[in-house]
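The values are calculated or read from the model by the stated rules, or taken from the named source; none is laboratory data. What you see is a predicted model, and the numbers here were worked out from it, not measured in a lab. Glycine also receives a Cβ, built like all others from the backbone with ideal geometry; neighbour counts cover every protein chain displayed.
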Amino acid sequence: MLSIPAGIILFLDQASKLWIERTLQVGEIWAPFPALASFFRLIHWKNTGVAFGMFQDSNLFFAALAWVVSAAIAYYFPRISPRDWPLRLALILQFSGALGNLIDRLRVGYVIDFISVGNFYIFNVADSAITVGVAVLVLGVILQEMRERREKLTANPPLEDQQEGKG
C-alpha cells in the first residue's frame, strides 16, 4: 500500500514547512539548541533548483519532472511483489518526497528548505525521504544480487567442488 505511508511522510513534510513559513522569515535562522548552533540550525530557505543548490531558477522543469516521477511510481508500485519490500520502501520514500517538493513548487513557486546541519546544504523532510529512498534502493539491489549469486552457487556448485566429491 502506497498511500498510507506516503501520506504520513507527506504530512510531516508539509506540516514542518508550514511551521517554518509561519515562524521564520525567508533567510532567518533559528538555533533551537544554542550550544549546537554551529552544527544544527533551522533556516527558512527558498530553493528554485534541486539538491545541493544546483540548477536554480528551474522550478517549472522540476515541477514537471516531479509530477512524471510521482505518476510513474503510482503506476508501477501496485505491480511490485509485497515480498520485494526494499523496492516498495524505496518507492514510498521517493514518491512522498517528490510530491512534497512538487506541492511547494506549485503552492509557493519554490521548495521550502530549512534543515541546516554543519556546512552541508539546507534541506527538508521531502529531500531526506528521497535521499533515504535512493539509499534503500541501492542497498536492496546489492542485497538482491548477493542473494541471487548465493542461490546460483547453491544450485550449481563450481566445477572444482563437484570434482572433489568424486575423488
(request) Output the residues belonging to segment 1-23 that are closer than 12 Å to Asp113 by Cα and surrounded by 13 or more Cβ atoms within 10 Å (Cβ to Cβ). (result) Asp13, Gln14, Ser16, Lys17, Ile20, Glu21
(message) Which pairs turn up if I take residues in segment 66-83 that are closer than 18 Å to Val50 by Cβ and look for partners that are surrounded by 11 or more Cβ atoms within 10 Å (Cβ to Cβ) and among the basic types (Lys, Arg) with beta carbon separation below 9 Å, at least 6 apart in sequence or on another chain?
(response) Ala66/Arg105
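Yes/no matrix, rows are residues, columns are (1) closer than 30 Å to Gln144 by Cα; (2) among the small types (Gly, Ala, Ser); (3) modelled with pLDDT of 95 or more:
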{"site": "Ser3", "(1), (2), (3)": "yes, yes, no"}
{"site": "Ile8", "(1), (2), (3)": "yes, no, yes"}
{"site": "Ser16", "(1), (2), (3)": "no, yes, yes"}
{"site": "Glu21", "(1), (2), (3)": "no, no, yes"}
{"site": "Pro34", "(1), (2), (3)": "no, no, no"}
{"site": "Asn47", "(1), (2), (3)": "no, no, no"}
{"site": "Ile73", "(1), (2), (3)": "yes, no, yes"}
{"site": "Asp84", "(1), (2), (3)": "yes, no, no"}
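Every residue, every condition in (1) at pLDDT 85 or above; (2) surrounded by 14 or more Cβ atoms within 10 Å (Cβ to Cβ); (3) more than 22 Å from Ser81 (Cβ to Cβ); (4) hydrophobic (A, V, I, L, M, F, W, C), yes or no:
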| site | (1), (2), (3), (4) |
| --- | --- |
| Val111 | yes, yes, yes, yes |
| Gly118 | yes, no, yes, no |
| Tyr121 | yes, yes, yes, no |
| Ala129 | yes, yes, yes, yes |
| Gly133 | yes, yes, no, no |
| Ala155 | no, no, no, yes |
| Gly167 | no, no, yes, no |
(message) Against the conditions (1) in contact with a strand residue (DSSP E or B) (Cβ under 7 Å, 6 or more places away or on another chain); (2) under 17 Å from Gly100 (Cα atoms); (3) not basic (Lys, Arg), where does Val69 fall short? Just the number, please.
(response) (1)
(message) If I filter segment 49-64 down to residues being modelled with pLDDT of 85 or more and surrounded by 15 or more Cβ atoms within 10 Å (Cβ to Cβ), which single residue comes out as nearest to Leu102 (Cα to Cα)?
(response) Ala63
(message) Suppose we filter Ala72, Ala35 for residues that are over 18 Å from Gly109 (Cα atoms), part of a helix (DSSP H, G or I) and over 20 Å from the mean Cα position of the chain (by Cα); which single one remains?
(response) Ala35
(request) Give the residues of segment 38-69 that are of a type outside the set (A, V, I, L, M), in a helix (DSSP H, G or I) and closer than 17 Å to Phe114 by Cα, sorted by residue number. (result) Phe52, Gly53
(message) Against the conditions (1) free of Cβ contacts under 8 Å to residues at least 60 places away in the same chain; (2) small (Gly, Ala, Ser); (3) under 15 Å from Phe123 (Cβ atoms), where does Ser16 fall short? Just the number, please.
(response) (1)
